[in-house]
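A quick write-up on the structure given underneath.
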Amino acid sequence: MMKHKKALKYTEKSCAVAEGQNAKYEYAQSSLVLAQLAYELRLPESAAQIEEAEAALEPFEKMIEGAASRNSLIDPSAKTGGRPRSTVKADPTPPINIPLPTWARNVRRVLRYILDPH
C-alpha cells in the first residue's frame, strides 16, 4: 500500500510536468497510470478516471497503429518471399544521448515501485 501511494505521488508529478510541456500523449499515458493506481487504492471515482484516460489515449493509439501499418517493412510487391526489405541506411554519426524528460523519469520510477518484488 505504501509503495502505491509513493507511486501515486510520482505519477501526479509526471502528469503535472506533461501538462506543463503540453505533451498530450504523455499526459494521457500518465493519467491512465494515475487512475489505475487510484483504483488499486480504492479511491473514489477512479473507475471513471480510467475510462476517461483510456478515451484520451484512443486517438493517439489509432494514429500510431495507422502510421505503423503505412510504414510496414513488408513490401508485398517485392519478390523477397515475404521477408522484410531493408530500410536502414548506415549512419556514420553516433546516436545522440538525449536525457529523458522529467515525465519519463517519473514514469520509470513509478514502474520500478510497482514492479519491484521487495
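Among Glu52, Glu26, Glu65, which comes first, second and so on when ranked by fewest other beta-carbon atoms within 10 Å?
Values: Glu52 15, Glu26 20, Glu65 10.
The fewest-first ordering by Cβ neighbours comes to Glu65, Glu52, Glu26.
By how many nm would the segment from Tyr25 to Arg108 lengthen if fully extended, with 0.36 nm per residue of separation less the alpha-carbon distance?
Working: separation 83, 0.36 × 83 = 29.88 nm, distance 1.61 nm.
That works out to 28.3 nm of additional length.
Just so you know, all these numbers are worked out from the coordinates, no wet-lab data involved. For clarity, every value in this text was computed on a predicted model and none was experimentally measured. Using ideal geometry, Cβ is built from the backbone for each residue, glycine included, and neighbour counts are taken over all protein chains shown.
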